[in-house]
Structures are given as C-alpha cells and as structure tokens.
Amino acid sequence: MSEEIKTAEQEEWTEKTDHSYGDQDIQVLDGLEAVRKRPGMYIASTSAKGLHHLVWEIVDNGIDEAMAGRATTVSVNVDKDNIITVEDDGRGMPIGFNDKTGISTIETIFTVLHAGGKFGGGAYKVSGGLHGVGASVVNALSEWLEVTVYREGTVHFVRFENGGHAVEPLKQIGTCPADKHGSKIRFKADPTIFTETTVYDHETLRDRLRQLAFLNKGIRIIFTDEREEEEKHRHYDFRFEGGLKEYVRFLNKNRQVIHDDIIYCEGNANHVEMEVAVQYNDGYNANVYTFCNNINTVEGGTHEEGFRLALSRVINKYARSHNFLKEKDDNLTADDCKEGITAVISVKHEDPQYEGQTKTKLGNTEVRQVVSSIFGTQLERFLMENPETAKKIMDKCILASQARLAAKKARENTRRKSPLEVGSLPGKLADCSSKDASICELYIVEGDSAGGSAKQGRDSHYQAILPLRGKILNVEKAREHKAFENAEIRSMITAFGCGVRDEVDTAKLRYHKIVIMTDADVDGAHIRTLLLTFFYRFLRPVVEQGYVYIAQPPLYKVQKGNSVRYAYTDRQLEEVKKEMGERISIQRYKGLGEMDPEQLWETTMDPKNRTLIRVNVGDAEAADEAFSTLMGEEVEPRKNFIIENAHFVQNLDI
Ligand code: 1YM
C-alpha cells in the first residue's frame, strides 16, 4: 500500500508499529493459515491454558486502552455456549476504511500477523507482553469472531469466519449517542483446534481478572459468567482504588497479621514505573509475588532483587541504629527479613527482557536500582514514622535469625552423607534395587499395615515403600527447625536425597515418581494435604517439575463368580453394576489396609492398571491460598474454604 492511500488511523498506527501495510492480502491467508496449522508456535498450547490465553489477549487490549487513560471499564462475559465477550468504554478501535484495497484498519488488525507491533505483543504493549499473541491469532483460532465499535455516533461491525476471513467488509450498522464509545469483541474458540476443551474455567477467569484489577488500580473490571441458570449467574465488579495495598490485604485475609498498616510505595524513574506493598503476618513463609507489565514473573528477576536488597539493607540499618542488633551480632539475612512477609512488587516497563527457563524472570538491570532506591527510601520512612510497627517487624526478624541457626543445626543432622550410603537411609524405607532414578518410584503410604501390603505387593526392582505413621507435622504452622526435628519429615527428606528449600537439586532426586498413597477417606485426604503442604513449602521444584503423584486406590470391589472388577468412583460403580448384571457382591474398601498385597498391586501399583494423578501447582497464589486456608491458624476461613470447595476436595482424585 502506498503512502497516499492510508487513512488517518492507519497512518497513526503504521508510525507506531513501524509495520508496513504492503502485501497484506497475501499475508492474510498465509499468516492465519500458518497459525491454524501450527497453533503451538503462537500460543503456549491448545490445552485449557491456551484457550484462556485467547481471553487474556483481548482483555489486555482493553486494559491497554484503560491504562492509556481512555477507558474506565473492561467487562468480560462468558455465555452458556462458552462464547466470550470483552467490551471496553475506550475510544473505540479505529474505523478507518480504505476504498482502494477494501480493507479496513480493523480487518488488518484481525487478519495480519503483527509480529512486534502493538497488537503482536512487542515493544508497544505495556500490558500482557508474554501473552501477546495478537488479536489476529485469537481470530485465527476462533470458529468465528465479531467486532463492534462505537465511535463518533456510529456503530461499526465486522464478522470473521472460516479461519479468520471477514464475511463482509467492516460496515456501519447503526448509530449511537455521541457520548457512547468503545470496542466490543465476541468470539467462539474453534473446537477443532482446542480439541481438549473449549470450556472456560470460572475460577481461572475470575482470579486473573481480579488480579488485573489489583495490578491496575482504579480500572473497573466486570466479570459475568452466564453458564448457570439465570438466578445463579456469577457476577463480579472489581475496582481497587488502593491497588497493591488492597491486593496484599486480600492475600493476607486468612492470616494473622502483626501490623495493620500496609507498607506501600509507588514511583517511577528511568522510564520504569514501580509499585510495592508489604505486610507481615505471624507465619514463617515468605510470599513475594512479582509482576512486570501485569505478568507474574514467577522466576523473579531484577525487580525482586531490588526489593530484597532494599529490605535487608534498611532493616539491618534500622535494627543497628535502634539497638535491636548489637555490635557483635551478625547482620540479618534477606531470608530473616522475609519471614512471614506478604509482598507484591509490580513494575511497568516499555521494553521488558525476560530470561530463565520459562521466560518469567525479569532481566532489565536498571530495574534493580529503581526498585531498590524507591522502595528503600519509603521503607526507611515508614519505619521512622511507625516505631511500634517497626519494633514488631524487628522482633520478628531477630527471632527468624535465631530460628535459622537452630534449623541449620537440625538440618545438618538430617543430611545424608552420600546418596549411595544406604546405611544412612531411614530404617522404615523398603528401598528398591534399581539406582536409576528415572524408573524408580517411592510410595509414601499411610499406616504400617498398608505399608506392609505395599511392601509385599510391589515390584522391588523399581518400587520403594516408605510407610508413615499417623499424621505428619503441619509445616504451615511450625517453624522450620520443628519440621527438621519431625521423624516422618526427616525420613522423607533423607529418602528423596535432593535437599530442601533453597538447596533442592532435583538432579539428585532418587525417585522420579513420588506417589502419595492414602486411604480414600477424610483422614486420608487430610494426610495427603499435609504431605502436599510439606512438599510445596520445602520441595517446591520437585512439585513444579512434576515428580509428585497421587495414587488412586479403588473404592469398590465388585465380584460375580470368579470375575472381579474394581470401581474407583461411584459413577464407575454404577457402570460396572450395569455391565455385570445380577447376583454380584460389592465390597466397599474403607482403607488400603483391607486389600491384600496382590489386590493392592493389581489395582493401585501396577503400571498396567493403575491411575496416578500428577500434582501440579497451578499458580502459586492459588496454591498458597489453599494451603494457608486449609492449614493455617484461622478457623473461620478454613470452614468457609472447605464448604466452598467441598466439590474440589471430593474431586481431588480426578
Ligand atoms: C475489547 C478489546 O481492543 N480496545 C481498543 C483498541 C484500540 C483502540 C482503542 C485505539 C487505539 C488507538 C487509537 C491508538 C486499538 N487501536 C489500534 C490501532 N478492546 C480493544 N480501544 N484509537 C483506538 O493506540 O492510537 C489497535 S487496537 F492500532 F489501530 F490504533
């Protein structure tokens, strides 16, 4: 396309993205077809995660408009056919139309792959850089997509179908009041691409939209899920004037905080915008969430480093000058200063560089200095102005350092001298003979009697058994050294062989499948949760890298003459009953202990028949919420959580 036939909007856009409009007719077909052929190149996956990415891409564009100060509200709607509607009250997408090519700006946006442009997730996008798959990718992967724009008293509309082709060109379909403006996008994910599922997860959508509202203070985000009957429609209206301050309050809602006032700061320098909020609770874990351009940088990076540097610098300085630390005392470590902290750090950067295994570690070096300096100054000021809170924080950090020294001693006693020294393995462990970790499995079994059956039933070449007696310690409520003194926990750590906490090295893990095998009852579920809490807090990489599994023992044995079938769920029982017909006997297993070794092998341990559920952490915030609610001190939120999630707890096995 030559210069003189560009519309004003296109001109503006071209300038920004440095993208030439040339050859777009060819690109349209090539580009979108390429996306449909190999969606994995453009979105993380075609599983549920990729499906949700479609929503985030469009939502991000609405939030961009709001962050530019042009829109106040972004609303998201899921209707009963899992059709998504995203609408904002911004300027409305440009409705410029080109007579010569017959292609409007909007069609261009939705049909041309814009690598690196505003709509391609490149430099121009401040929000969503990682998701930034581009509106055209959403279009390519939708069965159909419709755009409605309200702008300058007109309503314009275009619909795409058949792999992203406009059914007819963008056209005006009506008028609207002059003060109505905004963009509305409706789409239906293509089930031939998202073959696993095209059903959106309510909680995933709600949690992320709420998080976006926390991260972009003042922006109103409305979420309506219409998939239930009308009276049960779920509706949320998020708007947080306090931004991260409210986010931290939300994260700590189930915790006992040690001070009410949240430490908060925002500022900008060197083209970096930053916002930090901090509050301590009486727990022992650090929950630090970091974001760049609204993306959760799970691997941390320079913003997190800047925060950590400032936190320990300022706390040590204050502790010394106010005599909490004596001259002879060592400095507090960064971990001492982080015990029981809940912090959210959010930066906005025009040109973020991501590093790390999953590209979720912020690499821009100038960010470290900006966060360290702005947060450091504000924290220092906060401590000066709030001496009572400052004292509580100092006392907590000093206690943490004393506990750390005690834990170090306890931990040293737990460490195995060498991974091959079988002599130092726990006595209760029935180890396997293979030393090839990639095929080795460790079953953690509830109770000595089930442990006995498992030992007899297993294939001892690659299956090891570690029976646990009674309930293990709740690490959510205990300081680290208590955990290291606990016999069951020590046995597990020694058996795994990969170290704990910051020292975890999964290369040293002795079993690539760690299988939790508990009874299918309430106690079993509790023990399983205690174990998962311990793994999550002490061995997170082991969980994250997918080494932890849950065994699924059968609930029923159905027998007719000599033929025996097992049912793992009530629904399955009904099916089996139907298939087997009359004169059957049904036995309900109350615990693993009721099965003889052969049955246990056949139903739960034999790779040919068994079902193992791999545990994944999902996002850290959700896991953290689950564990702090289920395992923490506060009783009321726990009750509510169990009631709200009764369904989830029941289905944990699925
Ligand atoms: C529900 C999703 O995409 N809103 C939206 C998009 C744009 C604008 C406003 C917009 C931007 C600009 C000027 C500008 C887009 N514009 C373009 C482009 N909501 C949603 N709201 N006028 C309107 O950035 O200058 C792409 S998106 F590039 F054409 F300007």
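The values are calculated or read from the model by the stated rules, or taken from the named source; none is laboratory data. A quick note: this is a predicted structure, and the numbers were derived from the prediction, not measured. Ideal geometry is used to build each Cβ from the backbone, glycine not excepted, and the neighbour counts take in all protein chains shown.
Counting the residues of the range 512-532 that are among the charged types (D, E, K, R) and within 16 Å of E441 (Cβ to Cβ) gives 1. Scanning the range 74-115 for residues that are near the ligand (Cβ under 8 Å from one of its atoms) and at positive phi gives a single hit, G92. Among residues of the range 556-567 being touching a Ser or Thr at 6+ places or on another chain (Cβ under 8 Å) and crowded, with 18+ Cβ neighbours inside 10 Å, the one that is modelled with the highest pLDDT is V558.
Restricting attention to the range 223-231, does a residue exist that is over 23 Å from E87 (Cα atoms) and either surrounded by 15 or more Cβ atoms within 10 Å (Cβ to Cβ) or touching a Pro at 6+ places or on another chain (Cβ under 9 Å) (or both)? For the range 223-231, residues over 23 Å from E87 (Cα atoms) and either surrounded by 15 or more Cβ atoms within 10 Å (Cβ to Cβ) or touching a Pro at 6+ places or on another chain (Cβ under 9 Å) (or both): absent. Suppose we keep only residues that are acidic (D, E), more than 28 Å from the chain's Cα centre (by Cα) and not in a strand (DSSP E or B) within the range 145-198. Which one would you say is nearest to I106 (Cα to Cα)? Filtering first and then ranking leaves E168. Checked against the criterion of being touching a Ser or Thr at 6+ places or on another chain (Cβ under 9 Å) and at pLDDT 95 or above, the candidates G120, G153, G116, G164 yield just one match: G153. Residues of the range 167-188 that are hydrophobic (A, V, I, L, M, F, W, C) and within 16 Å of the ligand (Cβ to nearest atom): L170, C176, I185, F187.
With the checklist (1) farther than 30 Å from Y42 by Cβ; (2) under 20 Å from the mean Cα position of the chain (by Cα); (3) surrounded by fewer than 18 Cβ atoms within 10 Å (Cβ to Cβ) in hand, flag the one item D207 doesn't pass. Result: D207 passes all but (1).
Among the residues making up the range 509-554, those that are among the aromatic types (F, W, Y) and either modelled with pLDDT under 90 or assigned to a loop (DSSP other than H, G, I, E, B) (or both) are Y511, Y536, Y547. For the range 232-252, what are the residues that are among the basic types (K, R) and in a strand (DSSP E or B)? The answer is R234, and nothing else. Just one of (1) more than 9 Å from the ligand (Cβ to nearest atom); (2) modelled with pLDDT of 95 or more fails for V59. It is (1).
Checking E65, E9 one by one, the residue that is within 16 Å of the ligand (Cβ to nearest atom) and at pLDDT below 95 is E9 and no other.
Close contacts from the range 40-62, counting a first residue that is surrounded by 24 or more Cβ atoms within 10 Å (Cβ to Cβ) and a second that is charged (D, E, K, R), with Cβ to Cβ under 6 Å and a gap of 6+ residues or different chains, come to G62/D88.
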